[in-house]
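Novice: Structure below; questions to follow.
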Amino acid sequence: MAQSPNTPNGAISVQVFVRFGLRIVVLCVFATLGSVGFGRSLAALLWFSTVLCILAAMLRRELPLGSTLTHWDEGAAYGALYCLTLTINQASGI
């Protein structure tokens with residue numbers, strides 16, 4: 001994300017939160033359409049989103065532990081949700 005010098009850090013973080021929320025909604029909609037079940041579809045989509053966010057962060061040369069939220073942080077959130085989804089799927093026997 002190209003950040004101009006007079007863009008406040010909070011505005012960038014808000015953009016990342018909004019982007020994350022919208023993507024989660026889209027992932028849930030596509031997971032409901034999956035033929036292998038919601039849990040397995042959601043896990044696959046979250047894994048794919050994790051990989052795409054990491055690739056985007058590397059292409060944009062974002063710092064992993066910067067002062068604002070970046071694709072690295074978004075990828076970490078998708079990765080955590082992926083692990084949670086896998087755990088719930090395994091516990092429920094799906």
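Derivation of every value follows stated rules applied to the coordinates shown; laboratory data play no part. Remember, it's a predicted structure, so these values are computed and weren't measured experimentally. Cβ atoms come from the backbone with ideal geometry, glycine included; neighbour counts cover every protein chain shown.
Novice: Quick check: pseudo-label points 7 Å beyond the Cα along Cα→Cβ at Leu63 and Gln15, how many nm apart are they?
Specialist: A separation of 1.7 nm, rounded to one decimal place.
Novice: Give me the net charge of Phe17's neighbourhood, meaning all other residues with Cβ under 12 Å from the Cβ of Phe17; Lys, Arg count +1, Asp, Glu -1.
Specialist: Values: positive: Arg19, Arg23; negative: Asp73, Glu74.
Summing Lys/Arg as +1 and Asp/Glu as -1 gives 0.
Novice: Just to confirm a number: summing +1 for Lys and Arg and -1 for Asp and Glu over residues other than Leu46 whose beta-carbon lies under 12 angstrom from that of Leu46, what do you get?
Specialist: Net of charged neighbours comes to +1.
Novice: Another question, if that's okay. Taking the Cβ of His71 as the centre, find all other residues whose Cβ is under 15 Å away and add up their charges (Lys, Arg: +1; Asp, Glu: -1).
Specialist: After counting each charged neighbour, the total is +1.
Novice: Can you tell me the length gained on complete extension of the stretch Ala76 to Ala91, counting 0.36 nm per residue apart and subtracting the Cα distance?
Specialist: 3.1 nm
Novice: With bins 5 Å wide starting at 0, give me the P(r) of the chain over every alpha carbon pair, in whole percents.
Specialist: Per 5 Å bin, starting at zero, the Cα-Cα P(r) for the chain comes out as 2, 14, 21, 22, 16, 11, 8, 4, 2, 1, 0 percent.
Novice: Normalise the Cα radius of gyration of the range 12-53 by 2.2 N^0.38 Å (N = residues in it) and let me know the number.
Specialist: Against the compact-globule rule of thumb, the ratio is 1.23.
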